[in-house]
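Worksheet for the structure shown next.
What follows draws every value from the coordinates through simple rules; no lab data is involved. Because the structure is a prediction, the values reported are computed rather than measured. Every residue, glycine as well, gets a Cβ built from its backbone with ideal geometry; the counts of neighbours run over all protein chains shown.
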Amino acid sequence: MAARRWLPAPLGPILSRRASSSPKQNWPAVSVAEAGAAASAPPAPSGSGTPVLEVRHLGRSLPLGGELLEILRDVNFSIHRGEFVTLAGPSGSGKSTLLGCITGLDSPTTGQVLLNGTDISSMRESQLAGIRNRTVGMVFQAFNLIPTLTAQENVEVPLYAGNWRGSPSDRAQELLGLVGLSHRLEHRPSQLSGGEQQRVAIARALATEPPLLVADEPTGNLAAAQGKEVLDLLWSLRERLGTTLVIATHDRTVGGYATRWLQLADGELTSDSPGPRAGSR
Ligand SMILES: Nc1ncnc2c1ncn2[C@@H]1O[C@H](COP(=O)(O)OP(=O)(O)O)[C@@H](O)[C@H]1O
Ligand SMILES: [Mg+2]
């Protein structure tokens, strides 16, 4: 795939201390210390100010067997601070490809993606890394934690990589407290339940205070009860931190939390409507 080549950021001292070889995970693009824009005030009403995310006429196609496979076609939407947006659609409709373009891990073929008003679609990787790291935290279906590190160390990684302004261990402990895992600091991923692993991954994604959290099927590997715990956590983070969320899912439970529903079908945005929690503060 003609995706941007994306490599892990330097992982800081804890990796050289703990991991005997390079991690094989597709490490999410979180981190960077100057993360200013975060989120200690309640969400502003939707529609005010610069959108956290703006997608304009986005198209993504790939050459396949002598033909051009159109994965996304003319997708348009804007998302403002504090929105909890679910991106629904059947498997293969283009959700993950759209998230890849939003987070700068993939390049649109046409159109633009603006993060906090900055067009990232034509940026070089060196420029993009800083913007992406300051602006977007990412959570994946398979958690993507580093198995040789403890929960606390997993959360510390992006803080070391981004030269966090304070103490990485204090910050990691604070974040793990935020996601209800103060009692699991020293556990490795294999010693945690799926729901706990996803909560560690959420803590890691929020480590550098990005205003936007993007999640791809975050409940896809979880039993229903653990999925609900993770969703309640994401909702509470929106309320407590003002985090804006964009969640790709084909799990109907996730849609029940949304302030706004986007629907993709066959690469096109077919619906953009208020979700059941529209109007919640
Ligand atoms: N690298 C690729 N090569 C060929 N086809 C791809 C590639 N990436 C995605 N696709 C196709 O694009 C479509 C959308 O995929 P994806 O974004 O993963 O959908 P979703 O996340 O909604 O399941 C699918 O038909 C998929 O097969
Ligand atoms: Mg997908």
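The trypsin sites (Lys or Arg not before Pro) of the range 64-160 that DSSP puts in a loop, and whose beta carbon has at most 15 other beta carbons within 10 Å, are R124. Using the Karplus relation 6.51 cos²θ - 1.76 cosθ + 1.60 with θ = phi - 60°, the per-residue 3J(HN,Hα) values for the range 83-88 come to 6, 10, 10, 9, 10, 9 Hz, with x marking Gly and Pro.
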